[in-house]
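See structure below.
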Amino acid sequence: MPMIDPFGRSIDYLRVSVTDRCDFRCVYCMSEDMTFLPKKDLLTLEELDRLCSAFIAKGVRKLRLTGGEPLVRRDIMTLFRSLSRHLDSGRLQELTLTTNGSQLARFAAELKSCGVERVNVSLDTLDPDAFRAITRWGDLAKVLEGIDKAQEAGLAVKINAVAVKGMTETEAFRLIEWAHGRGMDLTFIEVMPLGDVSGHRVDQYLPLSVLRAQLLDRYTLEDIPYATGGPARYVRVAETGGRLGFITPMTHNFCESCNRVRITCTGTLFMCLGQEDAADLRSPLRASESNGLLDEAIDRAIARKPKGHDFIIDRRTKQPSVSRHMSMTGG
């Protein structure tokens, strides 16, 4: 039986952050001088496997591994290989990941062999200088090589671009033409007020309603019912034939259809990305070799999943809506 929250939503999508570490320092996600968790605080790969498997037994059908950057976690492919057994059994419909692409060239073929069919790659610009400015440490050439290798391996690639004021207004057209020209979906995401990033969110925030209006000057956007299980609302761009998604937590939240929960690399379950309420799953996980205590903790947490988030960005609110960084919870 699926997990049902207090508002009748079926929870069948789990996002798991396997590490809070990343080899980029994107300006909307992290501060440049980050303090990461000590490795001793992280769940082992075996514990992550057991935790994911417990959720799959309770009705999760889509599992996404995130970070930080998931592919910088040592021996991460052993977790993918182990979790692939749930694909073989039919209990899990999809195993996938979100990555910044920096390590994708190394792992693309192995991901495909583990049953991963598609990946999301975070990429906000095709300009090398702008890419370096956004990521602080990133190398665009490595990301593009990773995308090449992923497509060569037979992985479907979707590009995620965070809409950043002052850049995306002009970069959006180039991204659309490039992504659709390579047969890739592209999704724009609004900046979210998570964590202290040493800057004001209002200076980064570009409402997607504004961006969409600008795109209409050049493109014909046709609403389509396509969905991947996540929060994006899709259109087809008539001039390119490609799909374009919009994730709008600020201008038009998607909470009424939320089907997902998130687990951090320390075993903390967040029932909502935009709320601080959380449940400790590490303690019951380690308290017994059986899953009785763990299952009870999961059930109690799902029973208090909130109706929606309370994100806000304005000049009067200089503090983030949620204190933790996106890299801690998982994108």
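The values are calculated or read from the model by the stated rules, or taken from the named source; none is laboratory data. This is a predicted model, so every value here is computed, not measured. So basically every Cβ, Gly included, is an ideal-geometry build from the backbone, and we count neighbours across all protein chains shown. Surface areas here come from the heavy atoms of the whole protein model, side chains and all, with no ligands, DNA or RNA. Shrake-Rupley method; radii C 1.70, N 1.55, O 1.52, S 1.80 Å.
Can you give the angle from 0 to 90° between the axis of helix 76-89 and the longest principal axis of the chain, with both taken from C-alpha atoms, to the nearest 10? Between the helix axis and the principal axis of the chain, the angle is about 80 degrees.
If I fit a long axis through the Cα atoms of helix 45-57 and take the longest principal axis of the Cα atoms of the chain, what angle between them do I get, 0 to 90°, rounded to 10? Roughly 90 degrees, rounded to the nearest 10.
What separates the Cα centres of the stretch 216-283 and the stretch 1-70 is a distance of 16 Å. Under a 10 Å cutoff between Cα atoms, tell me which one of Gln151, Gln275, Gln93 has the largest fluctuation in the Gaussian network model of the chain. Among Gln151, Gln275, Gln93, the largest mean-square fluctuation in the Gaussian network model of the chain belongs to Gln93.
Note the angle between two axes, namely the Cα long axis of helix 292-302 and the longest principal axis of the Cα atoms of the chain, as a number of degrees from 0 to 90, rounded to the nearest 10. Between helix and principal axis, roughly 40 degrees. Dividing the radius of gyration of the alpha carbons in the stretch 1-104 by their Kirkwood radius gives 1.01 for Rg/Rh. Looking at the chain, which longest stretch skips every one of the trypsin sites (Lys or Arg not before Pro) that is in a DSSP loop with at most 16 other Cβ atoms within 10 Å, leaving the sites themselves out? It runs 219-303.
Can you show me the helix-derived [θ] at 222 nm for the chain, built from DSSP H runs with n ≥ 4 at -39,500 (n - 2.57) apiece and divided by the number of residues, rounded to the nearest 500.
Numbers: 11 runs with 105 residues, N = 331.
Only helices count here, giving -9000 deg cm²/dmol.
Checking Cβ-Cβ separations below 4.7 Å across the chain identifies Cys22, Cys52, Cys114, Cys255, Cys258, Cys265, Cys272 as cysteines lacking any candidate disulfide partner. Taking every DSSP bridge with both residues inside the chain, close to 35 percent are antiparallel.
If you sort Asp148, Asp75, Asp185 by accessible surface, 1.4 Å probe, largest first, the order is Asp75, Asp148, Asp185. The modelled label-to-label distance between Glu32 and Glu94, using points 7 Å beyond Cα along the C-beta direction, is 3.7 nm. Ligands, DNA and RNA left out, the accessible area of the chain computed with a 1.4 Å probe is 50% carbon and sulfur.
Across the chain, the longest piece that holds none of the GluC sites (Glu not before Pro) lying in DSSP loops with up to 13 other C-beta atoms within 10 Å covers 118-238.
Around the amide H of Asp185, modelled in the peptide plane, lie the amide H atoms of Ile159, all under 5 Å away and 5 or more residues distant in sequence or on another chain.
Return the Rg/Rh value of the chain, two decimal places, where both radii are evaluated on C-alpha atoms and Rh is the Kirkwood radius. Spell out each step's value before the answer.
Values: Rg = 19.0 Å, Rh = 20.2 Å.
Looking at the chain, the ratio lands at 0.94.
A cut-off of 5 Å between modelled amide H atoms, ignoring neighbours fewer than 5 places along the same chain, links Leu155 with no other residue.
So, for the chain, what is the accessible surface per residue at a probe of 1.4 Å, expressed in square angstrom? Kindly include the intermediate steps, with their values, before the conclusion.
Details: 14040 Å² over 331 residues.
That works out to 42 Å² per residue.
Using a probe of 1.4 Å, the accessible surface attributed to Ser113 totals some 90 Å² when neighbouring protein chains are kept in position.
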